[in-house]
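For reference, the structure is listed below as structure tokens.
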Amino acid sequence: MTEPTLAGPALPGARDTIFALATAPGRAAIAIIRLSGPGAGRVLTALARDGVRPREAALRILRDPVGGSVLDEALVLWFPAPASVTGEDCVELHLHGGHAVVDGVTRVLLGLGARLAGPGEFTRRAFENGKLDLTQAEAVADLVDAETESQRRQALAQLDGALARRHATWRAGLVEALAVLEAAVDFPDEDLPESVADEAAPTIARIVEELGAALADGARGERVRGGYRVALIGAPNAGKSSLLNALVGRDAAIVTATPGTTRDIIEVPLDLAGYRVVLADTAGVRAARDPIEAEGVRRARAWADAADLRLLVVDFAAQDEFWREVAGLAQSGDFCLLNKADLPRGTSASAEGWAASQGLSVWTLSLANAHGLDAIRRALAEAVVSALSGAEFPAATQERHRRDLAEARDHLDRALDALAEPAEAELAAEDVRLAARSLARISGQVGAEDVLDRVFARFCIGK
């Protein structure tokens with residue numbers, strides 16, 4: 001079988017050929033360098049000399065075209081456009097993973113006219129060449145960043161098009177409604193039923209309801225990505241830092257007998273039941289004694305207010321009721337942890353009845369002997385799973401998705417208002433058109449230019 005001819009020199013003005021290390025930097029058994037662009041085949045020919053069949057791994061001696069010195073013995077793969085990950089000619093060089101080998105091949109690639117890729121440039125080219133939409137491109141970065149099982153599952157489902165399919169279903173319904181409305185607007189003198197525009201209203205109303213339910217989902221997809229935020233709150237010396245250390249299994253926070261040791265927010269990630277949780281140890285809330293402590297208390301209140309769940313830690317043995325100064329931050333559904341339960345009860349024991357009356361889940365705890373710690377950890381895991389699991393794939397995994405969904409719903413609300421008035425089909429049609437555009441913007445079908453740089457800036461080199 002005759003081997004295919006590799007791509008020739010890039011034409012003047014053609015797109016750059018880019019390359020990057022696709023594996024982690026540092027000493028390793030294997031290092032993979034990926035190339036993409038019109039000159040990828042020419043570069044491979046210059047390095048390997050012998051022809052390579054498309055999509056077949058071949059062992060080749062790579063040589064410096066200038067002088068012919070051996071660079072490495074490597075597995076090489078050749079993917080001609082458009083059947084490649086980026087839609088362009090692509091090459092992979094599977095090298096030995098030493099620094100000298102990678103540096104030598106990099107030097108030669110630069111000499112052959114290729115340039116180092118920027119963050120996310122391979123994925124951006126795949127998007128621009130129609131290999132994936134913008135939500136799938138975002139999923140690539142999420143998959144690389146995934147630290148927990150839930151993040152991995154969500155990223156893979158989004159990469160497979162789960163998010164795009166939900167939005168496409170809504171958009172298809174809007175296109176049908178728009179066709180009905182435009183018929184009423186463009187052909188008013190034709191023999192059309194007087195109620196033709198009203199036929200669009202049920203579809204629009206259904207999509208408004210579904211968008212509202214999706215937005216009320218509590219940004220579930222975003223929290224899977226970024227982490228479920230849990231704030232440890234309480235009076236000074238209640239045991240918040242000790243609880244943080246016990247939950248994460250290491251000394252993440254300084255613990256002393258001096259009240260007010262914690263001044264700033266200490267955030268520690270934790271994997272609970274396959275979900276990413278961010279635990280935050282906050283400053284003890286009390287009347288501040290200096291400007292630094294005042295700032296710490298302010299930050300504690302702000303973090304607690306934005307958290308998904310608050311653990312109110314109360315010193316069960318304290319002969320005071322300082323816990324009341326922070327109790328206002330707790331909400332129904334939060335946890336109240338009565339710490340130091342191994343000691344005689346103090347006047348702070350009044351927190352138990354108050355917490356139950358406010359809808360808080362009450363637990364007794366002794367960090368001195370770990371009594372109650374496993375039960376609290378299980379309850380915390382159950383709360384996270386309940387909040388973040390769902391039968392349907394979330395309609396938004398990024399803030400920009402949620403913003404565009406809200407914009408689409410607002411347009412459709414106005415369209416329904418317009419349809420309630422006689423002879424307002426044209427205004428309704430325009431709002432339906434704008435709602436469909438908002439949904440299309442999420443996948444990058446329209447208006448992608450203003451978000452591309454932000455989306456791809458967070459990618460690693462080589463993706």
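Some values worked out for this structure:
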quantity	calculated
Sites Glu392 and Gln331 - FRET efficiency at Förster radius 30 Å, r taken between beta-carbons, to 0.05	0.70
Alpha-carbon gyration tensor eigenvalues x 5, square-rooted, for the stretch 36-80, Å	17, 13, 7
Rounded FRET efficiency, nearest 0.05, which uses the C-beta distance separating Glu209 from Arg345 and R0 of 51 Å	0.50
Principal semi-axes in Å for the stretch 391-432 [√(5λ), Cα gyration tensor, largest first]	28, 10, 6
Length-normalised contact order of the chain in % [C-alpha pairs under 8 Å, at least 6 apart]	16
Prolate/oblate/rounded call for the stretch 280-426, Cα gyration tensor, a/c under 1.5 rounded	prolate
Residues of the stretch 330-345 with amide N under 15 Å of a point placed 7 Å along Cα→Cβ from Ala356	336-338
Cα-Cα pairs of the stretch 41-123 separated by more than 19 Å (percent)	37
Share antiparallel - DSSP beta bridges, the chain, percent rounded to 5	60
Compactness index (Cα Rg / 2.2 N^0.38 Å), the chain	1.30
Rg/Rg_ref, the stretch 12-153, where Rg_ref = 2.2 N^0.38 Å and atoms are Cα	1.08
Taking the C-alpha atoms of the stretch 85-166, convex hull volume expressed per residue in Å³	118
Lys/Arg +1, Asp/Glu -1 at C-beta; the chain dipole; positive extreme among Leu71, Ala57, Leu412	Leu71
Whether the stretch 323-404 is rounded, prolate or oblate, judged on the alpha carbon gyration tensor where a/c under 1.5 counts as rounded	prolate
Spin-label pair Glu399/Glu421, simplified geometry with 7 Å Cα→Cβ offset, distance in nm	3.5
Difference of contour (0.36 nm per residue) and Cα-Cα distance, Asp320 to His96	74.0 nm
Between the stretch 127-154 and the stretch 289-365, the Cα center-to-center distance that results, in Å	39
Rg/Rg_ref, the stretch 111-244, where Rg_ref = 2.2 N^0.38 Å and atoms are Cα	1.67
Two-site FRET efficiency, Arg377 against Thr169, from Cβ-Cβ distance with R₀ of 41 Å, rounded to 0.05	0.55
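Since every read-out is calculated from the coordinates, none of them should be taken as a lab result. Owing to the predicted nature of the structure, the values given are computational and were not obtained by experimental measurement. Quick reminder, even Gly has a Cβ in these numbers, built from the backbone with ideal geometry, and neighbours come from all protein chains shown.
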